[in-house]
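See below for the structure under consideration.
The values are calculated or read from the model by the stated rules, or taken from the named source; none is laboratory data. Bear in mind that the values here come from a model prediction, so they are computed numbers and not experimental data. Cβ: placed from backbone, ideal geometry, glycine included. Neighbour counts: every protein chain shown. Only protein heavy atoms, including side chains, enter the accessible area calculation; ligands, DNA and RNA are left aside. Shrake-Rupley method; radii C 1.70, N 1.55, O 1.52, S 1.80 Å.
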Amino acid sequence: MHQAVKVTDDIWYLGSSDRRLAKFENCFPIPNGISYNSYLVLDEKTVLLDTVDKSVSSVFLESLDYLLAGRPLDYIVVNHVEPDHAATLAEVCLRHPEAVVVGSAKTQSLIRQFFDISLQGRVLQVKEGDTLTTGAHTFTFIQAPMVHWPEVTVTYDQKDHILFSADAFGTFGALNGNLFADQIRMESAEIAEYRRYYANIVGKYGMQVQSLLNKAAGLDIEMLCPLHGPVWRVPKKIEQLIHLYAKWATYQPEDNEVVIFYSSVYGDTENAMQVLADSLGERKVRNIRMYDVSVTDASYLVGEAFRASHLVFAATTYNNDIFPAMAAFLNDLKAHNFQNRTVAVVENGSWAPCSGKKMLEILTSMKNMTVLGQTLTIKSRLREEQLEPLQSLAEEIAASIDKADLA
Ligand SMILES: Cc1cc2nc3c(=O)[nH]c(=O)nc-3n(C[C@H](O)[C@H](O)[C@H](O)COP(=O)(O)O)c2cc1C
Ligand SMILES: [Fe+2]
Ligand SMILES: [Fe+2]
């Protein structure tokens, strides 16, 4: 049965959700599923904006047939060629030989790489600022390279002031009957999913996201139609989401808070971090969070690091190196161009502890990182005489939290 929901009078949502997939991009756990969004404009000409992942292609093709009701498909705008959006593109092109494929020069070359179809004579190559009028609607194409791939284009509808924003402003999670963000609770858990999606998927490309935000600032945006997650149509809420993006894109923390990330084989590093956390709590530091990096998936850890201002990293030494899950997490942060934080480091080792030095090497290779205190070295387990240095570390973190001036 077709699935088609109205976005506006003549724009339809014909995306769908996957609640079976364990990991998005075979990488990020999606316990609440994921939506793949596609939009159809039924103007004097008909325009399809992106397609969907192959997991939901059957219902998508059925919905497309239903909505077109025999009309030709005039244009397919390809904002992003990544297969979660373009896997069904070749099939739509075969079914609709009349459709002209619209995209940037890079879009065309990526389509040729991914699909064995000839688009000869049916391509409309667009560059920054080009427009396409389809009747009542005029669409402007805006380049957004590396948000999240080099070919990415976002499309602005001048009639309804809609930004079809590709992967930007998306989130994990299936759509469960509520297409619009204003119909869904948007509290810290939901925002955490927006942040986890942003940080892991486009977090590395803060500069490029900033450049897209600068272009968006010149547009009157009344609706945001991303390729994942709900549609935003309340301008004040759109502004808030854009404000969050501006923070994330400039690697500014949202919360003046502490997160403790630790690894532990036998439990002694964990014990030391619990003592540190309790000591921070006694100093009135609020909302402290602790994560065992072997237990919590790295995508959540990266999201939390993007959120908080003060981060403690405590790791066991393992084969003369950092415990593997912590090493992977730190390298992941580095790969995401992570910067601008206050950090402290604790190491543990039974004969030649060196994880602290190695963690600091990675952390100090990131931009604008402030390291608090000396690396605290634990040999097997925290000793009575180490309570004092641990408490002075807590004191230093608490004082720094007090001082931090977060806009
Ligand atoms: C596979 C393995 C390799 C280790 N390699 C080292 C090492 O190279 N240097 C060292 O000082 N300790 C090493 N250790 C010891 C742990 O770092 C040490 O016992 C630590 O106190 C464990 O802390 P935990 O109780 O938080 O797990 C290793 C432990 C394991 C299991
Ligand atoms: Fe993507
Ligand atoms: Fe995507």
Would you point out which residue out of 222, 282, 270 is away from ligand 2 (no atom under 16 Å from the Cβ) and surrounded by 17 or more Cβ atoms within 10 Å (Cβ to Cβ)? 270
Filter result for the condition that a residue is away from ligand 3 (no atom under 16 Å from the Cβ), open to solvent by 50 Å² or more (accessible area, probe 1.4 Å), of a type in the set (Asp, Glu) and within 33 Å of the chain's Cα centre (by Cα), over 395, 361, 384, 388: 361
Within the set of pairs 6+ apart or on separate chains, which have a first residue in region 235-260 that is touching a residue at least 12 places away in the same chain (Cβ under 8 Å), a second that is open to solvent by 30 Å² or more (accessible area, probe 1.4 Å) and among the polar types (S, T, N, Q), and C-beta atoms under 6 Å apart? 249/210; 251/340; 257/287
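Okay, residues lined up against (1) within 16 Å of ligand 3 (Cβ to nearest atom); (2) over 18 Å from residue 259 (Cβ atoms); (3) among the hydrophobic types (A, V, I, L, M, F, W, C):
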| position | (1), (2), (3) |
| --- | --- |
| 300 | no, no, no |
| 304 | no, no, no |
| 323 | no, no, yes |
| 330 | no, no, yes |
| 340 | no, no, no |
| 343 | no, no, yes |
| 355 | no, yes, no |
| 366 | no, no, yes |
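Within region 172-210, can you find the residues that are part of a helix (DSSP H, G or I), small (Gly, Ala, Ser) and open to solvent by 40 Å² or more (accessible area, probe 1.4 Å)?
Here is the first cut: in region 172-210, the residues part of a helix (DSSP H, G or I) are 181-183, 188-201, 203-210.
Add one more test, that the residue is small (Gly, Ala, Ser), and what stays is 181, 188-189, 192, 199, 203, 206.
Hits for region 172-210 are 188, 189.
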Using beta carbons and a limit of 7 Å, which pairs, at least six apart or on different chains, have the first residue in region 360-389 and within 16 Å of ligand 1 (Cβ to nearest atom) and modelled with pLDDT of 95 or more and the second one open to solvent by less than 40 Å² (accessible area, probe 1.4 Å) and assigned to a loop (DSSP other than H, G, I, E, B)? 377/353; 379/349; 379/353
Can you give me the number of residues within region 151-183 that are within 14 Å of ligand 2 (Cβ to nearest atom) and out of contact with any Leu (no Cβ under 8 Å at 6 or more places or on another chain)? 4
How about region 105-171: which strands (runs of 3 or more DSSP E) wholly inside it have at least 3 residues that are open to solvent by less than 50 Å² (accessible area, probe 1.4 Å)? 138-143, 153-157, 162-166
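So which of 41, 59 is under 18 Å from residue 226 (Cα atoms) and away from ligand 1 (no atom under 16 Å from the Cβ)?
Values: 59 fails: under 18 Å from residue 226 (Cα atoms).
Only one candidate qualifies: 41.
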Could you pull out every one of the strands (runs of 3 or more DSSP E) wholly within region 211-329 that has 1 or more residues that are within 16 Å of ligand 1 (Cβ to nearest atom)? 255-262, 289-292, 308-318
Criterion first (in the same structural domain as residue 353 (by TED's automatic domain parsing), touching a strand residue (DSSP E or B) at 6+ places or on another chain (Cβ under 9 Å) and open to solvent by 20 Å² or more (accessible area, probe 1.4 Å)) does residue 242 satisfy it? no
